[in-house]
Each structure stands twice: as C-alpha cells, then as structure tokens.
1. For the structure I just gave you, tell me whether residue 523 is under 21 Å from residue 448 (Cβ atoms), touching a strand residue (DSSP E or B) at 6+ places or on another chain (Cβ under 7 Å) and buried (at least 24 other Cβ atoms within 10 Å of the Cβ).
2. Kindly check whether there is at least one residue in the range 544-564 that is open to solvent by less than 10 Å² (accessible area, probe 1.4 Å), part of a strand (DSSP E or B) and under 19 Å from residue 448 (Cα atoms).
3. Of all residues in the range 575-592 being small (Gly, Ala, Ser) and out of contact with any strand residue (DSSP E or B) (no Cβ under 6 Å at 6 or more places or on another chain), which is least open to solvent (accessible area, probe 1.4 Å)?
4. Considering only residues of the range 336-384 that are polar (S, T, N, Q) and within 24 Å of residue 301 (Cα to Cα), which is farthest from the chain's Cα centre (by Cα)?
5. For residue 334, all conditions in the list (1) surrounded by fewer than 21 Cβ atoms within 10 Å (Cβ to Cβ); (2) of a type outside the set (Gly, Ala, Ser); (3) modelled with pLDDT of 95 or more hold save one; what is the number of the exception?
6. Output the residue which, of all residues in the range 371-401 that are touching a residue at least 40 places away in the same chain (Cβ under 8 Å), of a type outside the set (Val, Ile, Thr) and open to solvent by less than 10 Å² (accessible area, probe 1.4 Å), is farthest from residue 416 (Cα to Cα).
7. Considering only residues of the range 526-543 that are part of a strand (DSSP E or B) and touching an Asp or Glu at 6+ places or on another chain (Cβ under 9 Å), which is nearest to residue 448 (Cα to Cα)?
Amino acid sequence: MKMACPFILASLLLCPWFGQQQVVFAETPVNGLTEAEKRSGWQLLFDGKTTNGWRNFRKDTLSEHWAIKEGAIQWMKKGAGDLITTQQFDYFELSLEYRISEGGNSGIMFHVTEELDTPWKTGPEVQVQDNLKGHDPQKSGWLHSLYKPLKPEWSKEVEAKAGYKGIDMDDSTRPAGQWNHVYLRIAEQQCEVAINGVSYYYFKKGDEEWDERVAKSKFAQYPQFGKSKKGHICLQDHGDVVAFRNIKIRELSHDGVVPDPSDGTLSLAGADAFPKLQWKNYETVDDQGRFQPLRPMCLTHANDGSNRVFVGTQGGVIHVFDNHRDEQETQIFLDIKDQVFDWQKENEEGLLGLAFDPHYKDTGAFYVYYSSEPEPRTSIISRFLVSKDNPNQADPESEEIILKLPQPFSNHNGGAIAFGPDGYLYIALGDGGSRNDPIGNGQDLTSLMGSILRVDVHRKDGSQAYGIPSDNPFLKTPGAKPEIFAYGFRNIWRMSFDRKTGALWAGDVGQDLWEEINLVRKGGNYGWNIREGSYLFGNGTLQNQERPQEPVWEYDHQIGKCITGGFVYRGTRVPELQGAYLYADFITGRIWALYYDEIKQQVIRNMRIPTGETPVLAFGEDEAGEVYYLLETIGGQGIFRFEPTP
C-alpha cells in the first residue's frame, strides 16, 4: 500500500525531494500521538503545520530559511540559523525523527542557554549526520566528544556462552534520505540516547564521570558548558539540508515517574485463588538451607469436563488439582525435571509451555514445550499421554518429540503453545536471542525463529512428526518455512485465543524502548527487527512484500520493560472484566485490562488493576473461562485471581 508522505509508522520513508522512491510500511499520522502516548504524558512540540513554539537562537522570530514542507520542518538554505524551542525544559524525554542529506551534518542540543554566541558552547549535542559520507568522526547518535555506543554487559555474556562474537559498537542509523528516530531522556536519575530504537549509552549529567569527560574534551574551555539544569532544545543549522518531524516531548518530575497509560482504575484487587493449596513434593529450602523458589509458568485445563486445573512449573513438574478454592494439595501429573534445563542457570529456559489436545477426553494427549538439559540451548515440543490407570498422572515414557529446535542463544525462547479453534497447534518462538536480533531471524522466512508456527499434530508428513495445514500462508512461498503462520516477533511472552471470537492475542517483549500487544492474523509480519512497536528499529530493510502490522497497544520503557501477555476474560465471576484483554508488566508488576473493539479496530479504554505490583510470570485460564495470574513463590502461594473491592 502506498500513501503520501504525511503517513508513516515505524519504518523508513524516502521522499521525492531526495530523488528516491517512497517506501511506507505501517501507518499512523505524522506529527500525531498514538493512543498510548496521549495517555502517558507525551505532547507535540511540532504540529507539522506551524512553527509555533520555535524561534532562532538569540532571536525573537524564526528565519524564513526554515520552512514547513510535507509535514516536516526543513532547512532550506544557508543563513537559516540554529532553531530552538521558545520554552525551556529541565527533565524530559524527547522523541523525534530526522532526515539528513548526503554528506550532511546537524545536531540536537539540550539545556541550551543564550549568554554565549553559539548554542553548542552551553548545550551538549547529540550528533546528527550521514554516517556513510559525513565528514565528522563523531557519528550520528553520539553525544559529541563525550559518549558513544556501549555494548551492554549482559549481551556480551549471552554471546560468550554461545560462542558468538557480535559487533562491538552499534550503528543503527539509516542512510541519507531516510528517516531516523532519536530518543533522548534527560532525568535526574539517568540519561539515555537511543537511535532507531537501539539504546546507545547511559550517562548522568553533572556526575563525576561526566565532569571528567568534559574536562578532556574541547568543551573544557567553556565554563558554562553542560552546567545549566534547564534550557532550550536546539536543532542545529550546520549548513546542510536536514528535516525534522514527529517532535514529541514528555516532561519529567524529579523522580522520573511518568503517567500510567490508563483511563482509570478498576475496583478490583488480587487475591490468593487457592489459599490452602500445598505443592506436592515442593520444599521451600534445599539441603543446604537455600530458598527454592517455585515458578508456576502455565495454568490451563484439559477441556474434559473435569474442571481440573493443571499448572506447569518452570522446573519441569506439572501439577494437577481440583478447581476448588479450599483444595489442600496438588498431585504430580508429570515430572520431567531431569530432562528440563535448570531455569536458575538460565532465566529464560525451562518448562515454558503446556497445551491439551482439543480431543483430550478421547486421546489423552497433551503437549509440553521445554528446554533440554541433555542438549543445551535446544527447545523441544513433545506429546505425552495420560496414564491408562490414573487420570491424574501422565505416562513419562509416552513422550514423542514433535519438534526439536536448536537455539543460538539462551534467551528469547518464546515457549507459549496453544491449540486454536481450528484444532491446530500454535507455537511461539523467539528470535533466537542476544540483542538486536543479530542473526536477522525476525524478518527471515527461511528460519522458524521469530515466528508463530501452526502445525497439525494429528497427522504426520513424511519424516516429520506433524503435518502442515494446507492453508498455511507460506506453504507455496519459495524458501519459506511452511510451518510459519505469522512472523516478525522478538519474543512472544504468552499468547492466547479468545474463546469467544477465536482471535489470537500475543504480547511481544521489546528490547530498549517499547512493549507491544498484537492481534495476530495469518501471514502477518509484525515488524521485528525493523520495527519495535510503532517505531523504527535498527537500519534493516523490509525483505518481504508483507507490510508490518500495527500493534493493538504499546507502552514505553518508563512504564514497564517486559510485557506478560494474558487472556481475554470470558468468565462470569468478575463482570467488569468481560471482554477485556488482561496483561501485565513483569518488571513493574502492573496489571491492566485493555478493552478493544475488534470490529472498529480501536482501543476503547485501558484500565489499571491494583494488585500490589508483584512481577507476573504468566496468566492462565480454567475450564469456565476464569483468568488467573501466576507469581514466583517461596511459600507456595503462586496462583492469584481478581476480586471486587468495596
């Protein structure tokens, strides 16, 4: 789909004034705010129509050599002068897009004051330039002469364990003529710069390290440099063609807390769903006196009319118990902990998925996704059968491996599995791990990684332990893996089907800036690793013709950093949740209910559920459609539900 320059979302756009073909992926109005941004305190600094709120440095007006063209404020000719905001800011987040000409140079400065003749003598500068043909050794995104991209230690560790050597310094900028996104956060606690969604570095303005770096730089001769705690934002005139748009700001308080992206708070609270329940064979401490945390990772049912609850723990044990609030103890349904990699060694591995055959009452079959202990960095999806003699015990010897998948890294294993209303098994796989999707799996249809697979486990195709549905979207695409149902995911942490509408919901964990919720359709491309949420990511290009799909909802990393996808509530106990998609953030422990109109494809409201802000591992659903949320536990109380409050 092609459209005019005023519409783009999270991808590259080449406009006619650079003499190149226009390419547009997904769409939102330029110089507008998403629904999530409106709710979380972002405001526009440029509306795409006027220059209100801007003037030249040390002037009362704006030069005519800055002009609005195709929704962007554009440098037109020499003498335009440096552009600054009329307002001054102390702590804030800035989000904008720039487009630089070939060989061009510019900059974004903050805390600029006007007592000296040029803004860069007081305000630190985030460099903007054409990294391919630019003349400045300071690359785009660097904090000029002070900071440059730094690879996180966790990323180095993940790569080292896998025997992989990635690049040491990020350059995520896109070439001249393409739009690039800049995120700048200036906060009392910590400052950050990210380019096209990739976090480059962190710093603390005015601390000892900052002062040492300034003292070694060219700015040491200017006593006022970086000293002001409040000032203007400046877009630099460096004598080269440059354009800016989508300029947004969120002012921060001293504590850095930002508004919750919700429309209110529901009168609900979290409550222990089974307060008397004890986990069979679970000891809170080991022989050395160390605490042994229990992680319930999956809660589901067999859809057999028994109303039993099955809980898979990350350590490799599946428990079963009757769904009564006063139930005393679980039974061990399946124990494969000796086959499952210890999650305490690698946090994102272990038993990660559990799904019962739609015809379980007749077949006795269920499916488990786990990380292999004998074969490190290997994901296995297996079928097991219930014991012939005991309905509350599975036969561990019945295991039949359906799919074995080597993982390049220890993180981003995905792990959610679920049967769709069509009877096929859906399998969520992460992009393979590490940082920035270094292998490029997200947009690669020749790889199973970064995708949701859809397979028929009720028949076999040749040597495969499963069949390929005849209507799978890439069945006839040359080179593509026919199992793929949808792709472009980073690490789906929980997916589920709406038992009423059949819609497939997925929470996709972001990297540096955005968490997102997607409604998944057959053949859809969900953007990773050229997009994160509604924003640009990295400098990759679209490899396939399928336009990335827009997320239904997203929130930024000042609100939460790790989404836990849930379920659309279709139970009866809590009427106010009817039809809402329940989700959480693992880092902050916040839980929300998202009300979404699938027909109009728009968010109705997003509501907070006050539950104590404890990290939520996962959600689960029982046979009646009641939804639970799962927490890591030492005492045993790991299953919670929602209760109305007075």
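1. Details: under 21 Å from residue 448 (Cβ atoms): yes; touching a strand residue (DSSP E or B) at 6+ places or on another chain (Cβ under 7 Å): yes; buried (at least 24 other Cβ atoms within 10 Å of the Cβ): no.
So residue 523 does not fit the description; no.
2. yes
3. Just the residues of the range 575-592 that are small (Gly, Ala, Ser), to begin with: 579-580, 584, 589.
Then keep just the ones that are out of contact with any strand residue (DSSP E or B) (no Cβ under 6 Å at 6 or more places or on another chain); that gives 579, 589.
Numbers: 579: 25, 589: 1 Å².
Ranking the qualifying residues of the range 575-592, first place goes to 589.
4. At the first step, the residues of the range 336-384 found to be polar (S, T, N, Q) are 339, 344, 347, 363, 371-372, 378-379, 382.
So of that shortlist, the ones also within 24 Å of residue 301 (Cα to Cα) come out as 339, 363, 371, 379, 382.
Working: 339: 30, 363: 37, 371: 22, 379: 22, 382: 28 Å.
Checking each candidate, the answer is 363.
5. With (1) surrounded by fewer than 21 Cβ atoms within 10 Å (Cβ to Cβ); (2) of a type outside the set (Gly, Ala, Ser); (3) modelled with pLDDT of 95 or more applied to residue 334, the lone miss is (1).
6. Here the answer is 394.
7. The initial filter retains those residues of the range 526-543 that are part of a strand (DSSP E or B), namely 531-532, 535-536.
Those left that are additionally touching an Asp or Glu at 6+ places or on another chain (Cβ under 9 Å): 532, 535-536.
Numbers: 532: 19, 535: 24, 536: 23 Å.
Restricting to residues being part of a strand (DSSP E or B) and touching an Asp or Glu at 6+ places or on another chain (Cβ under 9 Å), the top hit is 532.
Residue-wise test of (1) open to solvent by less than 10 Å² (accessible area, probe 1.4 Å); (2) under 21 Å from the mean Cα position of the chain (by Cα); (3) touching a residue at least 40 places away in the same chain (Cβ under 8 Å).
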position: 104; (1), (2), (3): yes, no, yes
position: 134; (1), (2), (3): no, no, no
position: 156; (1), (2), (3): no, yes, no
position: 179; (1), (2), (3): yes, no, yes
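The values are calculated or read from the model by the stated rules, or taken from the named source; none is laboratory data. For clarity, every value in this text was computed on a predicted model and none was experimentally measured. Cβ atoms come from the backbone with ideal geometry, glycine included; neighbour counts cover every protein chain shown. SASA here: full protein model, heavy atoms, side chains in, ligands and nucleic acids out. Shrake-Rupley method; radii C 1.70, N 1.55, O 1.52, S 1.80 Å.
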